Amino acid sequence: MKRVTLIKGDGIGPEITDSVMKIINAAGVAIDWDIQTAGADLIETEGTPLPQRVLDSVKQNKIALKSPVTTPIGKGFRSVNVQLRKELDLYANLRPCYNLPNVKTRYDKVDIVVVRENTEDLYAGIERQVDENTAESIKIITRKASERIAKFAFDYAVKNNRKEVCVVTKANICKLSDGLFLECARKIAQQYPQIKFREILVDNCCMQLVQNPNQFDVLLLPNLYGDIVSDLCAGLIGGLGIAQGANIGENYAVFEPVHGSAPDIAGQDKANPTAMLMSAIEMLNYIGENEAGRRIRLALFDTLDAGIKTVDLGGNASCTEFTQAIVDRLVVLEK
Ligand code: ATP
């Protein structure tokens with residue numbers, strides 16, 4: 001039986017985790033879950049929001065499904081998400097964004113894959129207070145990280161029959177840092193003549209995304225623009241409740257929704273588990289449980305098609321009701 005680390009997180013994390021586990025169980029996939037907790041609640045008992053045992057567990061199992069963990073703004077601890085990605089060298093953040101059935105949005109046929117560099121840029125966390133009135137953040141971009149994420153984007157494009165990779169920077173202003181990212185993307189692009197290569201500035205990219213998202217295929221971005229643009233892309237297809245994600249490195253993979261811990265709706269049975277469920281489907285594909293992944297996707301799409309939706313998608317189903325609807329459909333599919 002495959003052993004997978006499950007990080008429960010906080011906010012809506014536990015609710016959507018329970019939902020996804022119920023659905024995976026109903027699909028008949030036997031997984032030996034290594035359940036780990038992380039987050040601000042542990043600071044008092046374990047002295048850190050990301051105990052070493054969590055890292056050890058992912059290192060041992062090589063694969064994890066993670067629900068959101070709150071990043072306190074301006075507190076002493078580094079973000080658990082950032083630390084996890086850095087410690088495990090999960091250098092690629094992969095966020096596919098496409099329309100789901102019966103989720104009405106301004107656009108049809110959106111099918112964009114965001115490939116975000118995950119280990120450096122302003123997320124390197126190198127900041128200092130220069131004086132009382134001045135703070136400084138250092139943006140780190142290296143050739144090694146830029147080339148490997150560009151290679152990841154092009155390899156992904158080849159494997160998944162995508163036509164184009166578009167690199168997104170602000171190289172006209174950050175001439176050295178974004179300039180290096182762009183230079184690396186250009187170099188790697190030459191090794192993939194079968195994939196079209198395009199360059200765009202991030203501000204123009206945002207405008208084009210809201211005017212005509214269908215022109216984009218695979219987007220390749222440094223860390224911070226990747227964070228912002230992927231939320232924008234989530235907005236194009238119906239919001240954070242349905243936006244899936246994965247963090248992938250040479251040795252480990254951690255699947256997690258794009259959204260945060262949504263403290264505003266935590267504990268109210270209102271959360272949409274779809275983003276976490278779709279991340280879990282990718283995790284199942286990754287461990288070779290493609291058939292179960294396919295059935296879960298079918299049950300999810302059928303549930304949405306039947307108009308059973310959570311509040312964020314304009315419906316009135318609770319997280320529990322939505323989960324049960326998917327489980328019921330899985331049971332029928334089993335027969
Ligand atoms: P972080 O910085 O940790 O990524 P964030 O600032 O992006 O967090 P989120 O916690 O992702 O914020 O929430 C943003 C908004 O989207 C909130 O109003 C939240 O309720 C909503 N939201 C996020 N995830 C879901 C979900 N799964 N279901 C329903 N609403 C959600």
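The values are calculated or read from the model by the stated rules, or taken from the named source; none is laboratory data. Quick caveat: nothing in here was measured; it's all calculated off a predicted structure. Positions of Cβ are generated from backbone atoms using ideal geometry, with glycine treated the same way; all protein chains shown enter the neighbour counts. Side chains included, ligands, DNA and RNA excluded: accessible areas come from the protein's heavy atoms. Shrake-Rupley method; radii C 1.70, N 1.55, O 1.52, S 1.80 Å.
Numbers for the structure displayed
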| read-out | value |
| --- | --- |
| Segment 16-26: number of residues that are touching a Leu at 6+ places or on another chain (Cβ under 9 Å) and in contact (Cβ under 8 Å) with a residue 40 or more places away in the chain | 7 |
| Cross-chain or 6+ apart pairs with Cβ under 7 Å, segment 293-321 first and within 16 Å of the ligand (Cβ to nearest atom), then open to solvent by 10 Å² or more (accessible area, probe 1.4 Å) and among the β-branched types (Val, Ile, Thr) | LEU304/VAL103; LEU313/VAL103; GLY315/ILE308; ALA317/ILE308 |
| Those residues of segment 173-190 which are among the β-branched types (Val, Ile, Thr) and crowded, with 17+ Cβ neighbours inside 10 Å, in sequence order | ILE188 |
| Only listed residue being buried (at least 16 other Cβ atoms within 10 Å of the Cβ), part of a loop (DSSP other than H, G, I, E, B) and modelled with pLDDT of 95 or more, chosen from GLY315, GLY293, GLY307 | GLY315 |
| In segment 247-277, residue farthest from the ligand (Cβ to nearest atom) [restricted to those that are in a strand (DSSP E or B) and open to solvent by less than 10 Å² (accessible area, probe 1.4 Å)] | ALA253 |
| Single residue of VAL29, VAL69 found to be in contact with a strand residue (DSSP E or B) (Cβ under 8 Å, 6 or more places away or on another chain), surrounded by 17 or more Cβ atoms within 10 Å (Cβ to Cβ), under 19 Å from ALA280 (Cβ atoms) and touching a residue at least 60 places away in the same chain (Cβ under 8 Å) | VAL69 |
| Condition met for ALA280 (within 15 Å of the ligand (Cβ to nearest atom) and either under 27 Å from ILE63 (Cα atoms) or among the basic types (Lys, Arg) (or both)) | yes |
| Residues of segment 119-128 satisfying the condition of being among the charged types (D, E, K, R) and either touching a residue at least 24 places away in the same chain (Cβ under 8 Å) or assigned to a loop (DSSP other than H, G, I, E, B) (or both) | GLU120, ASP121 |
